[in-house]
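To start, the structure itself, in C-alpha coordinates.
The values are calculated or read from the model by the stated rules, or taken from the named source; none is laboratory data. Because the structure is predicted, anything quoted here is derived from the model rather than measured. In this analysis, Cβ positions are derived from the backbone assuming ideal geometry, glycine residues included, and neighbour counts consider all displayed protein chains.
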(Lines give C-alpha, C1' and ligand atoms only; values in the text may rest on other atoms or scores of the structure.)
Protein backbone atom coordinates (compact mmCIF):
# COMPACT_ATOMS: atom_id res chain seq x y z
CA UNK A 1 0.00 0.00 0.00
CA UNK A 2 1.26 3.43 -0.92
CA UNK A 3 0.52 6.37 1.33
CA UNK A 4 0.05 9.82 -0.20
CA UNK A 5 0.38 12.73 2.18
CA UNK A 6 -1.96 15.47 0.97
CA UNK A 7 -1.33 18.91 2.40
CA UNK A 8 -1.58 22.60 1.59
CA UNK A 9 -2.55 25.86 3.19
CA UNK A 10 -6.03 26.68 4.42
CA UNK A 11 -8.46 27.49 1.56
CA UNK A 12 -6.02 26.13 -1.04
CA UNK A 13 -8.43 23.65 -2.63
CA UNK A 14 -7.15 20.54 -0.90
CA UNK A 15 -10.70 19.23 -0.44
CA UNK A 16 -11.22 19.12 -4.20
CA UNK A 17 -8.14 16.95 -4.57
CA UNK A 18 -9.19 14.68 -1.71
CA UNK A 19 -12.71 14.20 -3.08
CA UNK A 20 -11.32 13.41 -6.53
CA UNK A 21 -8.91 10.84 -5.08
CA UNK A 22 -11.77 9.24 -3.18
CA UNK A 23 -13.84 9.01 -6.37
CA UNK A 24 -10.90 7.24 -8.03
CA UNK A 25 -10.83 4.59 -5.31
CA UNK A 26 -8.32 5.87 -2.77
CA UNK A 27 -8.89 5.36 0.95
CA UNK A 28 -8.96 8.76 2.66
CA UNK A 29 -7.82 9.44 6.20
CA UNK A 30 -9.14 12.89 7.05
CA UNK A 31 -6.93 14.58 9.63
CA UNK A 32 -9.44 17.34 10.33
CA UNK A 33 -12.18 14.78 10.93
CA UNK A 34 -9.99 12.85 13.36
CA UNK A 35 -9.06 16.06 15.17
CA UNK A 36 -12.73 16.87 15.57
CA UNK A 37 -13.38 13.40 16.97
CA UNK A 38 -10.80 14.12 19.66
CA UNK A 39 -12.68 17.27 20.67
CA UNK A 40 -16.28 16.10 20.31
CA UNK A 41 -18.26 15.35 23.51
CA UNK A 42 -16.38 12.58 25.27
CA UNK A 43 -13.30 13.16 23.10
CA UNK A 44 -9.93 12.11 24.47
CA UNK A 45 -8.44 15.61 24.16
CA UNK A 46 -11.09 17.48 26.18
CA UNK A 47 -9.67 16.94 29.69
CA UNK A 48 -6.24 18.17 28.60
CA UNK A 49 -7.75 21.17 26.79
CA UNK A 50 -9.72 22.14 29.90
CA UNK A 51 -6.61 21.78 32.07
CA UNK A 52 -4.54 23.93 29.70
CA UNK A 53 -7.02 26.62 28.64
CA UNK A 54 -9.64 26.64 31.37
CA UNK A 55 -13.42 26.56 31.39
CA UNK A 56 -13.70 29.73 29.27
CA UNK A 57 -13.21 27.66 26.11
CA UNK A 58 -16.18 25.43 26.97
CA UNK A 59 -19.91 26.01 26.71
CA UNK A 60 -22.10 25.62 29.78
CA UNK A 61 -23.10 22.13 28.61
CA UNK A 62 -19.46 21.01 28.60
CA UNK A 63 -18.95 21.03 24.84
CA UNK A 64 -15.92 22.76 23.38
CA UNK A 65 -16.41 26.38 22.32
CA UNK A 66 -14.36 26.22 19.12
CA UNK A 67 -14.67 29.91 18.39
CA UNK A 68 -13.38 30.86 21.85
CA UNK A 69 -10.50 28.40 21.56
CA UNK A 70 -9.71 29.65 18.07
CA UNK A 71 -9.58 33.24 19.29
CA UNK A 72 -6.96 32.23 21.84
CA UNK A 73 -4.72 30.08 19.70
CA UNK A 74 -4.71 32.23 16.57
CA UNK A 75 -3.72 35.28 18.61
CA UNK A 76 -0.80 33.63 20.39
CA UNK A 77 1.93 31.35 19.08
CA UNK A 78 2.53 30.10 22.62
CA UNK A 79 -1.09 29.04 23.12
CA UNK A 80 -1.24 27.47 19.68
CA UNK A 81 1.89 25.43 20.36
CA UNK A 82 0.41 24.33 23.67
CA UNK A 83 -2.66 23.00 21.86
CA UNK A 84 -0.50 21.29 19.24
CA UNK A 85 1.57 19.62 21.93
CA UNK A 86 -1.46 18.00 23.53
CA UNK A 87 -3.31 17.16 20.31
CA UNK A 88 -0.56 15.79 18.08
CA UNK A 89 0.35 12.61 20.04
CA UNK A 90 -3.33 11.65 20.24
CA UNK A 91 -3.86 12.42 16.57
CA UNK A 92 -0.81 10.46 15.45
CA UNK A 93 -2.02 7.41 17.36
CA UNK A 94 -5.41 7.60 15.64
CA UNK A 95 -3.82 8.05 12.22
CA UNK A 96 -1.51 5.07 12.67
CA UNK A 97 -4.53 2.93 13.58
CA UNK A 98 -6.39 4.12 10.49
CA UNK A 99 -3.40 3.38 8.25
CA UNK A 100 -3.19 -0.14 9.65
CA UNK A 101 -6.93 -0.60 9.11
CA UNK A 102 -6.61 0.55 5.49
CA UNK A 103 -3.72 -1.83 4.88
CA UNK A 104 -5.54 -4.77 6.44
CA UNK A 105 -8.57 -3.88 4.31
CA UNK A 106 -6.55 -4.27 1.13
CA UNK A 107 -6.28 -0.61 0.13
CA UNK A 108 -3.80 0.09 -2.64
CA UNK A 109 -3.64 3.84 -2.11
CA UNK A 110 -4.20 5.52 1.23
CA UNK A 111 -4.34 9.31 1.37
CA UNK A 112 -3.44 11.12 4.57
CA UNK A 113 -5.36 14.37 4.11
CA UNK A 114 -3.63 16.60 6.63
CA UNK A 115 -3.27 20.40 6.52
CA UNK A 116 -0.57 20.27 9.21
CA UNK A 117 1.24 17.25 7.77
CA UNK A 118 4.70 18.80 8.06
CA UNK A 119 4.01 20.69 11.27
CA UNK A 120 2.95 17.45 12.97
CA UNK A 121 5.88 15.46 11.55
CA UNK A 122 3.53 13.05 9.79
CA UNK A 123 5.20 13.30 6.38
CA UNK A 124 7.50 10.50 7.55
CA UNK A 125 4.55 8.09 7.35
CA UNK A 126 4.10 8.81 3.63
CA UNK A 127 5.65 7.44 0.44
CA UNK A 128 5.06 10.74 -1.32
CA UNK A 129 3.62 14.16 -0.47
CA UNK A 130 1.29 16.21 -2.66
CA UNK A 131 0.74 19.89 -1.95
CA UNK A 132 -2.19 22.05 -3.08
CA UNK A 133 -0.75 25.46 -3.86
CA UNK A 134 -2.17 28.95 -4.38
CA UNK A 135 -0.68 32.45 -4.55
CA UNK A 136 -1.00 34.03 -1.11
CA UNK A 137 -3.35 36.84 -2.16
CA UNK A 138 -5.70 34.36 -3.83
CA UNK A 139 -5.58 32.20 -0.71
CA UNK A 140 -6.48 35.17 1.50
CA UNK A 141 -9.35 36.18 -0.77
CA UNK A 142 -10.78 32.65 -0.80
CA UNK A 143 -10.48 32.33 2.97
CA UNK A 144 -12.22 35.65 3.62
CA UNK A 145 -15.02 34.79 1.17
CA UNK A 146 -15.45 31.25 2.50
CA UNK A 147 -15.39 31.90 6.24
CA UNK A 148 -16.41 35.55 6.47
CA UNK A 149 -13.10 36.56 8.05
CA UNK A 150 -11.68 40.05 8.04
CA UNK A 151 -8.29 40.35 6.38
CA UNK A 152 -6.62 40.45 9.80
CA UNK A 153 -8.40 37.27 10.89
CA UNK A 154 -7.49 35.54 7.64
CA UNK A 155 -3.85 36.56 7.94
CA UNK A 156 -3.77 35.24 11.51
CA UNK A 157 -5.00 31.87 10.23
CA UNK A 158 -2.32 31.79 7.55
CA UNK A 159 0.40 32.74 10.03
CA UNK A 160 -0.63 29.84 12.27
CA UNK A 161 0.50 27.35 9.61
CA UNK A 162 3.69 26.73 7.71
CA UNK A 163 3.79 28.98 4.66
CA UNK A 164 2.23 27.27 1.65
CA UNK A 165 5.29 28.08 -0.46
CA UNK A 166 7.47 26.18 2.02
CA UNK A 167 5.11 23.20 1.96
CA UNK A 168 5.29 23.24 -1.83
CA UNK A 169 9.08 23.37 -1.70
CA UNK A 170 9.17 20.23 0.46
CA UNK A 171 6.52 18.29 -1.45
CA UNK A 172 7.13 15.71 -4.17
CA UNK A 173 4.20 16.90 -6.28
CA UNK A 174 2.79 20.43 -6.35
CA UNK A 175 -0.76 20.87 -7.63
CA UNK A 176 -1.79 24.41 -8.61
CA UNK A 177 -5.36 25.09 -7.50
CA UNK A 178 -5.90 28.62 -8.79
CA UNK A 179 -8.16 27.40 -11.59
CA UNK A 180 -11.73 26.16 -11.39
CA UNK A 181 -12.76 23.12 -9.37
CA UNK A 182 -13.07 21.19 -12.63
CA UNK A 183 -9.58 22.21 -13.75
CA UNK A 184 -8.08 21.13 -10.45
CA UNK A 185 -9.93 17.81 -10.47
CA UNK A 186 -8.72 17.09 -14.01
CA UNK A 187 -5.10 17.15 -12.83
CA UNK A 188 -5.55 14.25 -10.43
CA UNK A 189 -6.30 11.06 -12.46
CA UNK A 190 -2.88 10.82 -14.18
CA UNK A 191 -1.09 11.47 -10.89
CA UNK A 192 -3.20 8.82 -9.19
CA UNK A 193 -2.55 6.34 -12.00
CA UNK A 194 1.18 6.89 -11.56
CA UNK A 195 0.90 6.09 -7.86
CA UNK A 196 -1.11 2.96 -8.60
CA UNK A 197 1.61 1.83 -10.97
CA UNK A 198 4.25 2.72 -8.36
CA UNK A 199 5.78 5.04 -10.86
CA UNK A 200 5.69 8.22 -8.74
CA UNK A 201 8.86 10.20 -9.20
CA UNK A 202 11.28 10.75 -6.33
CA UNK A 203 11.83 14.21 -7.64
CA UNK A 204 9.57 17.22 -7.64
CA UNK A 205 6.94 17.85 -10.28
CA UNK A 206 4.46 20.63 -10.82
CA UNK A 207 1.21 19.50 -12.38
CA UNK A 208 0.14 21.64 -15.32
CA UNK A 209 -3.40 22.61 -16.13
CA UNK A 210 -5.05 22.16 -19.49
CA UNK A 211 -7.22 25.13 -20.22
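Looking for something within 17 Å of the chain's Cα centre (by Cα), buried (at least 16 other Cβ atoms within 10 Å of the Cβ) and over 27 Å from residue 47 (Cα atoms) - is there at least one such residue anywhere in the range 101-116? Yes. The range 1-107 holds helices (runs of 4 or more DSSP H) entirely within its bounds, and those carrying 3 or more residues that are in contact with a helix residue (DSSP H, G or I) (Cβ under 9 Å, 6 or more places away or on another chain) and either farther than 30 Å from residue 197 by Cα or without any contact (Cβ under 8 Å) to a residue 12 or more places away in the chain (or both) map to 31-39, 46-53, 66-73, 77-104. Scanning the range 160-204 for residues that are modelled with pLDDT under 85 and surrounded by 15 or more Cβ atoms within 10 Å (Cβ to Cβ), we see that the one that is farthest from residue 21 (Cα to Cα) is 160. The requirement of being more than 23 Å from residue 71 (Cα to Cα), buried (at least 16 other Cβ atoms within 10 Å of the Cβ) and in contact with a helix residue (DSSP H, G or I) (Cβ under 6 Å, 6 or more places away or on another chain) is fulfilled somewhere in the range 133-151, by at least one residue.
Being assigned to a helix (DSSP H, G or I) and either more than 19 Å from residue 16 (Cα to Cα) or in contact with a helix residue (DSSP H, G or I) (Cβ under 9 Å, 6 or more places away or on another chain) (or both): is that true of residue 117 here?
Values: assigned to a helix (DSSP H, G or I): no; either more than 19 Å from residue 16 (Cα to Cα) or in contact with a helix residue (DSSP H, G or I) (Cβ under 9 Å, 6 or more places away or on another chain) (or both): yes.
For residue 117, the condition - assigned to a helix (DSSP H, G or I) and either more than 19 Å from residue 16 (Cα to Cα) or in contact with a helix residue (DSSP H, G or I) (Cβ under 9 Å, 6 or more places away or on another chain) (or both) - is not met.
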